[in-house]
Amino acid sequence: MKTTNPIAALFGRSPFGPTQEHMRLVQSAVVQLPALVEALGTADASDITSRQDAIRAPVPQASALAREIRLHLPRSLFMPVDRRDLLELLDRQEWIGREVRAIADLPLQHAMRLPTELHTALLNLTRSATATCQQATAIVDEIDELIETGFRGPEATRVETMIQTLDRLAGETDAQVPALARDLFTPIDDASQGDALPHATLQLTHQLVRALGALANRAARIGDHLLPLIAR
Amino acid sequence: MEIITEWGSVFLILAIVFGLYMTWGIGANDVANAMGTSVGSGAITVRQAILIAAICEFIGAFVAGGDVTETIRNGIIDAETLNGQPELLVYGMLASLLAAGVWLMIASARGWPVSTTHSIVGAIVGFAVAGIGLHAVHWETIGQIVASWVISPLLGGLAALLIMLSIRHLILNAENPFRQAKRWGPVYVFLVGWIVSLVSLFKGLKHLDLHLTTTESLIAATVFGLVTGLIGKVLINRVKLDEKADRAFHFASVEKVFTPMMIFTACAMAFAHGSNDVANGIGPMAAVVSVIQSGGAVAQKAQLPLWILLLGGIGIVVGLATLGYRVMQTIGTKITELTPTRGFSATLAAAAVVVLASKTGLPVSTTHIAVGAVMGVGLSRGIAALDLRVIGNIVVSWLITLPAGAVLAAAFFYLFKFSFS
């Protein structure tokens, strides 16, 4: 005998758990960025390749999960968050994944070697961007607690504070970008010096700096999106 | 009259067989819906749910099942129109039981979420209109019953919403949710015992010859509530703070406090279900029995024999033990979104509304009220994803069940009439 229990059928598959899992997958790629930048610093080709592979590995997994979430989100679902808002959040998480992948792909364009004098600054920028994404992941992880408390009370306040921290981290990351670019381009203006950086190195390093800044901004946009959902 | 005296014992046996069949079906299928919110939250195991259901369904049927039984037995059909032809009532009630039973079997085999209450009410109206005439039905009672089918799930939803909001306010959104949960938990358990016993006992229990004044019922309910609250406190005190689980989910320990509390709502829900749904099986049976025992008089005011209530309770328990066990196991897999706080709110609200309906004699659908209560919790932005298709299915099953029960009952009615006359 087939029995469809109405109570059991009433509970649709929650998309929030998988969405949090998606963010964790993306973040598992992000946390490996500092190691990649370190490898780029030493220009150890095999080390770079293994770091690239490690970053790329979770990305298709995350994409598959995102596709699954979209496929299993019937319009008949009644959720504490608007369906469109959830899809938008997923979109923003996927952008972080794309951004990370783009960074991992940079060394594919040309054998890459980072200017030695900028190592520390670049590594700091990478760590800063990674920390920003980590904060965004922590915020996404709070969604089940928000649902438990109905998006109100001390829990909501806590998440608000977390979003403020996220914005601060993103701002700090962003502030490092122009300074780093300046340090990168200064030797060129000083044309009399013969040891200007090779063109490709200059280009790719600049791309790396900009991509790291963009990554932090993408992370901040997750906070921007969640904030009005709490305030509603 | 001769038909009654000639075939009396045959009718009696048929009534008992069909009545038991119907209550068996309720125990086999319907109880699982009533226990769904308790088992689904993982607060109690299937085994515990069976045990709780067996005891509390029986008590509910026996203690508070009288009023709804009265409605099903006497409230829907105008007995005046039957004078001189008591056999028509006998055919009709037997036909209704058979029709509702058959329809429920067809529907559950196909997995439709049908209500036993809707089936039996549809069947009784169907035979009355087809066999006696439009005037034979107390349409105002039907109006009340149908209105209660719409209002009761809404009421369940509203009550669940309020309970959930109060739990949020007092516990989840407080400074120290775990401490608050331990402080307020026994109060909520008190509330479970108090509401259910107050509603059931209010102004006494007619068929048990228990007559209480308002004050007496209030005192009795408060004493009962305090006893349950005390037992709740003992169970709640054993819950320890689980810091490791709290790191993954900040409210894990709070939810653990609500787990033993769900035992009480599960009992309340089983009691409520017994008090309302047993009537679907024994109401028609009681009508037949009273016609036969009075030798053909369609007595409007006959006492409800207690052995019939007992029989209904036994039918449910047997259904539970033979098939209900398996049906319940299908929902035994934990519904992760139904946490103990949410399950507690929904089950307490549903139980309270069902008991209230039982006291007013209105046959309502326990399943639909439970669905309404879960929706109420969802409305507080408290559940990740509710599939609204279930609501659509319920509305469709409504629209199909009433006419299906009616047509089947009319057909069986003519079959009986043709066979015995």
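The values are calculated or read from the model by the stated rules, or taken from the named source; none is laboratory data. Quick caveat: nothing in here was measured; it's all calculated off a predicted structure. Heads up, the Cβs are rebuilt from the backbone with ideal geometry, glycines too, and the neighbour counts pull from every protein chain shown.
For residue B:342, which of the numbered conditions (1) among the charged types (D, E, K, R); (2) surrounded by fewer than 20 Cβ atoms within 10 Å (Cβ to Cβ); (3) within 12 Å of chain A (Cβ to nearest Cβ) fails to hold?
Every listed condition holds for residue B:342 apart from (2).
Name, by its number, the condition in (1) surrounded by 18 or more Cβ atoms within 10 Å (Cβ to Cβ); (2) touching a residue at least 40 places away in the same chain (Cβ under 8 Å) that does not hold for residue A:142.
(2)
Evaluate the following for residue B:390: is it surrounded by 24 or more Cβ atoms within 10 Å (Cβ to Cβ) and in contact with a Leu (Cβ under 9 Å, 6 or more places away or on another chain)?
No.
Identify all residues within the range B:160-184 that are facing chain A (nearest Cβ under 10 Å), farther than 15 Å from residue B:256 by Cβ and assigned to a helix (DSSP H, G or I); write none if there are none.
Of everything in the range B:160-184, those that are facing chain A (nearest Cβ under 10 Å), farther than 15 Å from residue B:256 by Cβ and assigned to a helix (DSSP H, G or I) turn out to be B:164, B:165, B:168, B:169.
Tell me the residue from A:125, A:89 that is of a type outside the set (Lys, Arg), within 19 Å of the chain's Cα centre (by Cα), within 14 Å of chain B (Cβ to nearest Cβ) and buried (at least 21 other Cβ atoms within 10 Å of the Cβ), please.
A:89
If I filter the range A:101-112 down to residues being within 13 Å of residue A:53 (Cβ to Cβ) and not small (Gly, Ala, Ser), which single residue comes out as surrounded by the fewest Cβ atoms within 10 Å (Cβ to Cβ)?
A:108
Among the helices (runs of 4 or more DSSP H) lying completely within the range A:11-60, list those that include at least 1 residues that are within 14 Å of chain B (Cβ to nearest Cβ).
The qualifying helices (runs of 4 or more DSSP H) are A:16-30.
Go through the range A:130-174 and count every residue that is under 22 Å from the mean Cα position of the chain (by Cα) and among the small types (Gly, Ala, Ser).
Qualifying residue count, the range A:130-174: 5.
Being within 14 Å of chain B (Cβ to nearest Cβ) and either among the hydroxyl-bearing types (Ser, Thr, Tyr) or farther than 21 Å from residue A:98 by Cβ (or both) is the filter here; which residues of the range A:61-72 pass it?
A:72
Being farther than 26 Å from residue B:310 by Cα and more than 19 Å from the chain's Cα centre (by Cα) is the filter; apply it to the range B:95-112 and report the residue that is farthest from the other protein chains (Cβ to nearest Cβ).
So, considering only residues that are farther than 26 Å from residue B:310 by Cα and more than 19 Å from the chain's Cα centre (by Cα), the one farthest from the other protein chains (Cβ to nearest Cβ) is B:106.
I'm told residue A:173 meets every condition in (1) without any contact (Cβ under 8 Å) to a residue 60 or more places away in the chain; (2) out of contact with any Leu (no Cβ under 8 Å at 6 or more places or on another chain); (3) within 20 Å of residue A:227 (Cβ to Cβ); (4) of a type outside the set (Lys, Arg) except one. Can you identify the failing condition by its number?
All conditions pass for residue A:173, except number (2).
Just one of B:75, B:92 is out of contact with any His (no Cβ under 7 Å at 6 or more places or on another chain) and either surrounded by fewer than 23 Cβ atoms within 10 Å (Cβ to Cβ) or more than 14 Å from chain A (Cβ to nearest Cβ) (or both); which is it?
After ruling out the rest, the residue left standing is B:92.
When the range B:15-54 is examined, which residues are found to be away from chain A (no Cβ under 12 Å), hydrophobic (A, V, I, L, M, F, W, C) and over 17 Å from residue B:285 (Cα atoms)?
B:43, B:44, B:46, B:49, B:50, B:51, B:52, B:53, B:54
What are the pairs with Cβ atoms under 8 angstrom where one residue, in the range A:78-105, is free of Cβ contacts under 8 Å to residues at least 24 places away in the same chain and the other, located anywhere, is part of a helix (DSSP H, G or I) and among the charged types (D, E, K, R)? Sequence gap at least six, or different chains.
Between residues of the range A:78-105 that are free of Cβ contacts under 8 Å to residues at least 24 places away in the same chain and residues that are part of a helix (DSSP H, G or I) and among the charged types (D, E, K, R), the close pairs are A:87/A:70.
Any residue at all in the range B:143-153 that's away from chain A (no Cβ under 14 Å), out of contact with any Cys (no Cβ under 7 Å at 6 or more places or on another chain) and outside any helix (DSSP H, G or I)?
No: zero hits.
When the range B:236-251 is examined, which residues are found to be at pLDDT 90 or above and surrounded by fewer than 18 Cβ atoms within 10 Å (Cβ to Cβ)?
Within the range B:236-251, B:237, B:238 qualify.
Identify the residue in the range B:348-393 that is over 14 Å from residue B:34 (Cβ atoms) and among the small types (Gly, Ala, Ser) and, among all such residues, is farthest from the other protein chains (Cβ to nearest Cβ).
So the residue we want is B:361.
Give the residue that is farthest from the other protein chains (Cβ to nearest Cβ), with candidates limited to residues of the range B:221-268 that are of a type outside the set (Val, Ile, Thr) and in a loop (DSSP other than H, G, I, E, B).
B:238
Inside the range B:1-117, counting only helices (runs of 4 or more DSSP H) that do not spill past its ends, which hold 1 or more residues that are of a type in the set (A, V, I, L, M) and free of Cβ contacts under 8 Å to residues at least 60 places away in the same chain?
In the range B:1-117, the matching helices (runs of 4 or more DSSP H) lie at B:2-25, B:46-64, B:86-110.
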